[in-house]
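Peer 1: One structure is given below, represented as structure tokens, and several questions about it will come after.
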Amino acid sequence: MFSYWEIKNWFTDVDYTIVGSGIVGLHAALRLRERFPDSKILIIEHGPLPQGASTKNAGFACFGSLSEINDDLKTHTEEEVLALIQKRWAGLQLLRRMPFVNEVLKPLFKTDVFAKEVDRFDFKGIHEYLIFNPFEGQIDTGNMMQALLKEVAVNNILILNSQTVTSYNEKSDGVDVALGNFSFFSKKLLFATNGFAGELTKGLVKPARAQVLITEPIPNLDIKGTFHIDRGYYYFRNINDRILFGGGRNLDFEGETTTEFGQTEIIQNQLEKVLREVILPNTDFTIAHRWSGIMGLGNHKKPIIEQLSQHTYCGVRLGGMGVAIGSMVGAELGDLV
Ligand SMILES: Cc1cc2nc3c(=O)[nH]c(=O)nc-3n(C[C@H](O)[C@H](O)[C@H](O)COP(=O)(O)OP(=O)(O)OC[C@H]3O[C@@H](n4cnc5c(N)ncnc54)[C@H](O)[C@@H]3O)c2cc1C
């Protein structure tokens, strides 16, 4: 049970409560601080650290591979795809269709985005399909999130870790927010819970687990960059002489539609196989570490940034591109209030 002091300092006179301390929640808090300098802003986070995708991802500052964008154009209009990529780009296609995808993106980039590339990396079996995108880069996910958390602290925004918002009850002047048996009053409640927003959005957001592995350092590793294979279902990059490799969700869509963290044999075996046979066919390596994160997907790739009721809001369904669009989604969420 919380003490008198805890209740007085943390849970009294709360103006804005944000659920989730991922990229979106932190940016929403910073935007609220900009707009309301004297307000009390509280972030409630289920995990000891942000515990969804923002500290688990691969750190691609990207907006989609050629084959992934090509796939999107089958289910979304050209305008929708351009708007989506514009958003990803502002926050930071199969070979035959490359000229077409380049045309669709031209209003934004003013030049061809995708070009055929000579494979100097010795990847096995994909030489013919290697496509280069000069607009993409890498980030260190851990450094990014630490910097963001520091900025939030400097801006006098409180984060409560290891607390879960279990329910809420809307009133005429605000919301009673429940953390298990304890509840407090907040004038507004903002959800930045991405993959965990299934119930909140009545099923519009579906959780999608993504499994990742990283190798031990590899002497003289010559691979540098961010790489996508098979419509973005696989992705790898170099980091500190290691290869970080993730994906394979398409091997078991049903099993990976879960909010449970964990690894499965079928996906981990396939990751190791592709690593051994395609990415590092001539190099010995050992796996150092494996983990997973939870993304928020749905039938549409557009994020849901909405007012849900008089005092509640959400910014969710970031897809697999939250590094690129998370800051903007957070800022838009903060602007809704
Ligand atoms: C393995 C992996 C690789 C990825 N690679 C990339 C990449 O290279 N490039 C890219 O752009 N994107 C990538 N992504 C996607 C990107 O990481 C996400 O889109 C982004 O982090 C989503 O941020 P968020 O703040 O919306 O959600 P999250 O970071 O998931 O934050 C939501 C938070 O809400 C908390 N929460 C949920 N419910 C509650 C509750 N009831 N009470 C309290 N707290 C709660 C969770 O604990 C969580 O910390 C990847 C994702 C994964 C999993």
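Peer 1: If I filter the range 302-337 down to residues being among the charged types (D, E, K, R) and surrounded by fewer than 21 Cβ atoms within 10 Å (Cβ to Cβ), which single residue comes out as nearest to F191 (Cα to Cα)?
Peer 2: Ranking the candidates gives E306 first.
Peer 1: Here's something else I'd like to know. Would you confirm whether or not the range 25-45 contains a residue that is within 15 Å of the ligand (Cβ to nearest atom), modelled with pLDDT under 90 and over 15 Å from the mean Cα position of the chain (by Cα)?
Peer 2: No, the range 25-45 contains no residue that is within 15 Å of the ligand (Cβ to nearest atom), modelled with pLDDT under 90 and over 15 Å from the mean Cα position of the chain (by Cα).
Peer 1: Within the range 222-229, identify whether any single residue is of a type in the set (V, I, T), part of a loop (DSSP other than H, G, I, E, B) and at pLDDT below 95, and answer yes or no.
Peer 2: yes
Peer 1: Shifting gears a bit: Take the residues in the range 246-296 that are small (G, A, S) and assigned to a strand (DSSP E or B); name whichever of them is nearest to F196 (Cα to Cα).
Peer 2: G296
Peer 1: Just to be sure I understand the filter: pairs with C-beta atoms under 9 Å, separated by 6 or more residues or on different chains, first member in the range 291-316 and within 26 Å of Q263 (Cα to Cα) and of a type in the set (A, V, I, L, M), second member within 12 Å of the ligand (Cβ to nearest atom) and open to solvent by 50 Å² or more (accessible area, probe 1.4 Å). Which pairs pass?
Peer 2: If the second residue must be within 12 Å of the ligand (Cβ to nearest atom) and open to solvent by 50 Å² or more (accessible area, probe 1.4 Å), the pairs left are I294/Q51; I294/K56; I294/F196; I294/T259; I294/F261; M295/G320; L297/G320; V316/F196.
Peer 1: OK, next. Any residue at all in the range 285-300 that's modelled with pLDDT under 95 and open to solvent by 40 Å² or more (accessible area, probe 1.4 Å)?
Peer 2: Scanning the range 285-300, I find at least one residue that is modelled with pLDDT under 95 and open to solvent by 40 Å² or more (accessible area, probe 1.4 Å), so the answer is yes.
Peer 1: Can you name the number of the only condition in (1) away from the ligand (no atom under 12 Å from the Cβ); (2) assigned to a helix (DSSP H, G or I); (3) within 29 Å of F182 (Cα to Cα) that G142 fails?
Peer 2: (3)
Peer 1: Residue check: is D112 over 17 Å from the mean Cα position of the chain (by Cα) and modelled with pLDDT of 90 or more?
Peer 2: It is false that D112 is over 17 Å from the mean Cα position of the chain (by Cα) and modelled with pLDDT of 90 or more.
Peer 1: I need a count of the residues in the range 211-248 that are open to solvent by less than 30 Å² (accessible area, probe 1.4 Å) and more than 25 Å from E68 (Cα to Cα).
Peer 2: Number of matching residues: 3.
Peer 1: Taking the condition of a type in the set (A, V, I, L, M), closer than 15 Å to R209 by Cβ and touching a Leu at 6+ places or on another chain (Cβ under 9 Å), does M321 pass?
Peer 2: no
Peer 1: Moving on. With a cut-off of at least 1 residues that are open to solvent by 60 Å² or more (accessible area, probe 1.4 Å) and under 18 Å from R317 (Cα atoms), name the helices (runs of 4 or more DSSP H) lying wholly within the range 5-114.
Peer 2: Here the list reads 66-75, 78-91.
Peer 1: May I ask you to list pairs of residues, at least six apart or on different chains, whose Cβ atoms are under 8 Å apart, with the first in the range 141-169 being small (G, A, S) and the second being surrounded by fewer than 11 Cβ atoms within 10 Å (Cβ to Cβ)?
Peer 2: Final answer for the pair search is S162/P48.
Peer 1: Select from the range 297-337 the residues that are touching a Cys at 6+ places or on another chain (Cβ under 8 Å) and in a loop (DSSP other than H, G, I, E, B) and write down the one among them that is farthest from the ligand (Cβ to nearest atom).
Peer 2: Selected residue: L308.
Peer 1: With the condition kept exactly as written, say whether any residue in the range 249-264 is surrounded by 20 or more Cβ atoms within 10 Å (Cβ to Cβ), more than 30 Å from E332 (Cα to Cα) and within 12 Å of the ligand (Cβ to nearest atom).
Peer 2: Taking every residue of the range 249-264 in turn, none turns out to be surrounded by 20 or more Cβ atoms within 10 Å (Cβ to Cβ), more than 30 Å from E332 (Cα to Cα) and within 12 Å of the ligand (Cβ to nearest atom).
Peer 1: Still on this model: Can you give me the number of residues within the range 158-210 that are of a type in the set (A, V, I, L, M, F, W, C), away from the ligand (no atom under 13 Å from the Cβ) and closer than 30 Å to N250 by Cβ?
Peer 2: 1
The values are calculated or read from the model by the stated rules, or taken from the named source; none is laboratory data. Note that the structure is a prediction, hence the values are computed from the model and not measured. In this analysis, Cβ positions are derived from the backbone assuming ideal geometry, glycine residues included, and neighbour counts consider all displayed protein chains. Remember, those area values only see protein heavy atoms, side chains included, never the ligands or the DNA or RNA. Shrake-Rupley method; radii C 1.70, N 1.55, O 1.52, S 1.80 Å.
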